[in-house]
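Below: one structure, written as structure tokens.
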Amino acid sequence: MLNLHLEVWNDVERGRTQSPNKNGVLLQSQFNKKTPSKLHLQLKEEEHVRQKLAQKVSELTSDLYLKEAELLYCHSQISRYRSEALLLAREAGSLKNHLAEYEYQFECQSKELAALGLEKKTLREELEVTCQEKEELLERWMEEKREEAERINKHNAALERWNSYAGRLNKRLYSRLRQQTWPTTKSQIIQKDLGDQPSPKND
Amino acid sequence: MANEAHGRGEGAGLASNSLELSTSLERSVQTRIFKIIVIGDSNVGKTCLTFRFTGGSFPDKTEATIGVDFREKAVEIEGERIKVQVWDTAGQERFRKSMVEHYYRNVHAVVFVYDVTKMVSFENLKTWIQECNGHRVSASVPRVLVGNKCDLVDQIQVPSNMALKFADAHNMLLFETSAKDPKESQNVDSIFMCLACRLKAQKSLIYWNVEREDGKVRLNQEPDPKTNCPC
Ligand SMILES: Nc1nc2c(ncn2[C@@H]2O[C@H](COP(=O)(O)OP(=O)(O)OP(=O)(O)O)[C@@H](O)[C@H]2O)c(=O)[nH]1
Ligand SMILES: [Mg+2]
């Protein structure tokens, strides 16, 4: 403002000394009439204010345009967001439905899981029992086999002993028969030693 | 004279009694049994081999033997009927514990089996022979070595010469065969027949061939002309 005042003052002074034009005359006359410099200053000031205001107006107008454009954009955004929001709300609704469904399923499956867990536990217990039984059965089977093997070994040994005994008896019988006088009998007795029979070795 | 007659009559009566006794004794002499045990790793085919010999076929499905399975086949060697009693033993340790004593008791012959497609089953033979020796099985008990699964020609891991060397070193006969291949069936039979022949030769009993012709008794030991000994 001080600068403006100084500028105006300088203008006034310059007009007084050198401008012989009409304006200058008028100004001079105005100045001459009632404090011309003051008026001039006021005029200048107002002119300046007007200019400033005009500039401001143009600035504001462009701002307005800008804001209007922005507003338009915002509107379009709003409508976009609105439709998006609608869509999302719809999706949220269906998700909510899904969630409810899943929650229900989860609940059912939890119950099923618990039941299965229980079943698994009982099955595991049964398995343990079965394993135990299998082991016992195997043990019994082995025991049976052991007894059978023992029986067969005994049977084999008895058979060998019996065969050996019967053979020996036969041998003795035939040697006795040979000693008998039996004119009509032509005996040919060939015998091998019965001691050669298989006999229990490892008993 | 009467005495003499009486004496002769008594003698004839005694002879006929003795003859009757002898006949019944003969009848009571039962078919001899040769106990042969089959030993070797699990899965080498012991059950299939014994089944092939006694049943004449290859079993469709086999389970691991528990303890022991007994199989029997009556064969005729040089006119004598003999029962070959095959003990198909378990190869898995858990299925044979506490049975081993019974396997080796009064055994007449031992068959060691390995799988020609599994070197480890051949390497384990040493352990099986050790076990056998550890049970006081006499050296006179014949032993044979059998390489099974020869039908799997492209999977053979145990070369014949290696097996032969091993068999020689342990004084055993070697048989390479297949329980599965029907063409090998005779070869499987010959394993057991060969052992039975050997046992018969070793433990020869009197071959009683009694002929009776009006009170005449004739005992002889002539072998039956038809013999089916494969050795
Ligand atoms: N290709 C082929 N397979 C065979 C032969 N012999 C046996 N097998 C198979 O080998 C497997 C084991 O046979 P097993 O006879 O049960 O064996 P194992 O020696 O008795 O076994 P354990 O009873 O456990 O001691 C089965 O799947 C048979 O089918 C053979 O000659 N050739
Ligand atoms: Mg078996």
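When region B:154-172 is filtered for residues that are closer than 19 Å to B:Val38 by Cβ, within 16 Å of ligand 1 (Cβ to nearest atom) and in a loop (DSSP other than H, G, I, E, B), only B:Val158 remains.
Can you confirm whether region B:53-68 contains a residue that is in contact with a Leu (Cβ under 6 Å, 6 or more places away or on another chain), at pLDDT below 95 and of a type in the set (S, T, N, Q)? Taking every residue of region B:53-68 in turn, none turns out to be in contact with a Leu (Cβ under 6 Å, 6 or more places away or on another chain), at pLDDT below 95 and of a type in the set (S, T, N, Q).
If you take the residues of region B:43-78 that are aliphatic (A, V, I, L, M) and buried (at least 19 other Cβ atoms within 10 Å of the Cβ), which of them is farthest from ligand 2 (Cβ to nearest atom)? Spell out how you get there, then give the answer.
Filtering region B:43-78 down to residues aliphatic (A, V, I, L, M) leaves B:44, B:49, B:64, B:66, B:68, B:74-75, B:77.
Imposing the further condition that a residue be buried (at least 19 other Cβ atoms within 10 Å of the Cβ) reduces the set to B:44, B:49, B:68, B:75, B:77.
Numbers: B:Val44: 9, B:Leu49: 9, B:Val68: 9, B:Val75: 22, B:Ile77: 27 Å.
Ranking the qualifying residues of region B:43-78, first place goes to B:Ile77.
Residue-by-condition table, conditions (1) facing chain B (nearest Cβ under 10 Å); (2) under 27 Å from B:Phe70 (Cα atoms); (3) modelled with pLDDT of 95 or more:
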| residue | (1), (2), (3) |
| --- | --- |
| A:Ala115 | no, no, yes |
| A:Thr122 | no, no, yes |
| A:Leu127 | no, no, yes |
| A:Thr130 | no, no, yes |
| A:Glu148 | yes, yes, yes |
| A:Asn153 | yes, yes, yes |
| A:Glu160 | yes, yes, no |
| A:Tyr165 | yes, yes, no |
| A:Asn170 | yes, no, no |
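Residues in region B:81-101 that are more than 16 Å from ligand 2 (Cβ to nearest atom), surrounded by fewer than 17 Cβ atoms within 10 Å (Cβ to Cβ) and either at pLDDT 95 or above or not polar (S, T, N, Q) (or both): B:Arg81, B:Glu101. Do we find a residue being closer than 27 Å to A:Glu136 by Cα, more than 12 Å from ligand 2 (Cβ to nearest atom) and touching a Ser or Thr at 6+ places or on another chain (Cβ under 6 Å) anywhere in region B:102-109? Checked against the condition, which is being closer than 27 Å to A:Glu136 by Cα, more than 12 Å from ligand 2 (Cβ to nearest atom) and touching a Ser or Thr at 6+ places or on another chain (Cβ under 6 Å), region B:102-109 yields at least one hit. Scanning region A:102-148 for residues being under 22 Å from B:Met99 (Cβ atoms) and either in contact (Cβ under 8 Å) with a residue 12 or more places away in the chain or acidic (Asp, Glu) (or both) gives a total of 8. Among the residues making up region B:173-196, those that are aliphatic (A, V, I, L, M) and either within 12 Å of ligand 1 (Cβ to nearest atom) or part of a strand (DSSP E or B) (or both) are B:Leu173, B:Leu174, B:Ala179, B:Val188.
The values are calculated or read from the model by the stated rules, or taken from the named source; none is laboratory data. Only a predicted model underlies this, so the values are computations on that prediction, with no experimental measurement involved. Cβ coordinates were reconstructed from backbone atoms using ideal geometry, including for glycine residues, and neighbour counts include every protein chain displayed.
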